[in-house]
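Working notes for the structure below.
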Amino acid sequence: MIRKLHCLLRLHSPVNRTVYRQRAPTLFSRSYATTDDANRNANADPKSNNKSNKRAGTTSSSKSLPAIRNPFAAAQDKTKNTYLTMVEIFEERDVHRRNHVEFIYAALKHMPDFNVEHDLEVYKALINVMPKGKFIPTNLFQAEFMHYPKQQQCIIDLLEQMEDYGVMPDYEMEAMLLNVFGNKGHPLRKYWRMMYWMPKFKNLSPWPLPDPVPDDTLEIAKLAVERMCTVDLRSKIDVFETREIKDSLDDTWIVSGMSPEQSKLLREHSRQKALYIEGPFNIWIRNRRINYFTLRADADAQFLAQLDERQVDDDDVTQIGVPFFGRAPPRRHNQLGKLRSVHQQDDGTIFAICATGTSTKDSLLSWIRLLEARGYASLGEIPVLFRFTSSVPAKAEEIEGPANMPAQTSDTASSHREEHTETGSRP
């Protein structure tokens, strides 16, 4: 009895559990190899195989064993129905469902190819592949030392992939895990932890998004600009069409966001100080990326310095006016002046943000002209400069070499004098 318990402890130790997890890709490659792997094995050098067999002391033939064809890699129609059909065929092929762990690992690997990585029904179908009742522990030792560790770790990896893709399980999945591993199984414990934390994180964001996120780029751009404009609740979102500008080259849409406070700051901006269009910057709406640009100016150093002088820290106890000999404490002078807006940052003042369908200079120039036509006539007298953040082309890097290439972020204001002159000289 003691010897059996010692063997059981060695089998289910954390080290062996890690080894099982590391061996999962190896098991997949052995049982569900691709067609290229099978051809590579068939065309292998027979002399090298004979040498390896002699070293191992075996008498096997020089030809390697044929690999099992991976059905997910060989499928022509990459759809959800095809994926579920292959899972059903595997369930009906063998009563004992041999190699079910390797099949589940192969199915998890090819989920993005079939665009089903966010589908809860597909994960349930994979859990249903596991035999029922066989892996339920019958005593305390089996429950605590991970009875059937290979199968339990497989389903734990499936639940972790669900967690990575943001797929929340339901109560039906709990019943399925209960039928496969019992109420003491480690996959069921993982499920309980997911059901505790995932609803909290799902409702934690102050910017809820529709589920699913729309595929239209214009609608995603509206969501992105609305999210960024929540810093000022009075912000207004406008959608422009570049075809309204006669000389525009791009026929696209522009989503612009500006608040009344930003409009006031833009009208009060000096005609002698330039404005900058900077970008593109990235904002992610789940798995979709949107590029946006900002219309900003340099910070007003004189105004910020005056604010720092007038600012009084009420918690500072180093300069407390204490009256002595019956004299009244010194009175503070009433200080009247402008308050600092949330749009007036230390590095600059942001007047507006936008996202365009093409993210080109012509669409941004059309954005400035559209703003000018809608009540901001001062933009025709202020020079507008472009500052773009772009990556170095691969061909230029290949010719010049990475050591001789300039930095990726470049100020293109000096190279766009034609655009600046055109922007500042419009009637």
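The values are calculated or read from the model by the stated rules, or taken from the named source; none is laboratory data. Because the structure is a prediction, the values reported are computed rather than measured. In this analysis, Cβ positions are derived from the backbone assuming ideal geometry, glycine residues included, and neighbour counts consider all displayed protein chains.
Inspect the stretch 245-253 for any residue being in a strand (DSSP E or B), in contact with a strand residue (DSSP E or B) (Cβ under 8 Å, 6 or more places away or on another chain) and surrounded by 13 or more Cβ atoms within 10 Å (Cβ to Cβ) and give the result as yes or no. Scanning the stretch 245-253, I find at least one residue that is in a strand (DSSP E or B), in contact with a strand residue (DSSP E or B) (Cβ under 8 Å, 6 or more places away or on another chain) and surrounded by 13 or more Cβ atoms within 10 Å (Cβ to Cβ), so the answer is yes.
Can you find even one residue in the stretch 274-283 that is modelled with pLDDT under 95 and out of contact with any strand residue (DSSP E or B) (no Cβ under 6 Å at 6 or more places or on another chain)? No: the stretch 274-283 contains no residue that is modelled with pLDDT under 95 and out of contact with any strand residue (DSSP E or B) (no Cβ under 6 Å at 6 or more places or on another chain). As a summary of the residue check, residue 90 satisfies the conditions (1) in contact with an Asp or Glu (Cβ under 8 Å, 6 or more places away or on another chain); (2) among the hydrophobic types (A, V, I, L, M, F, W, C); (3) modelled with pLDDT of 80 or more except for the one numbered (1). Residues in the stretch 111-129 that are buried (at least 19 other Cβ atoms within 10 Å of the Cβ) and free of Cβ contacts under 8 Å to residues at least 40 places away in the same chain: 116, 126. Entry remark, the stretch 102-142: residues being in a helix (DSSP H, G or I) and under 36 Å from the mean Cα position of the chain (by Cα) number 20 in total. Within the stretch 130-147, the set of residues being surrounded by 15 or more Cβ atoms within 10 Å (Cβ to Cβ) and closer than 30 Å to residue 75 by Cα comprises 130 only. For the stretch 130-149, the set of residues classified as in contact (Cβ under 8 Å) with a residue 12 or more places away in the chain and hydrophobic (A, V, I, L, M, F, W, C) consists of 130, 135, 136, 141, 143, 145, 146, listed by residue number.
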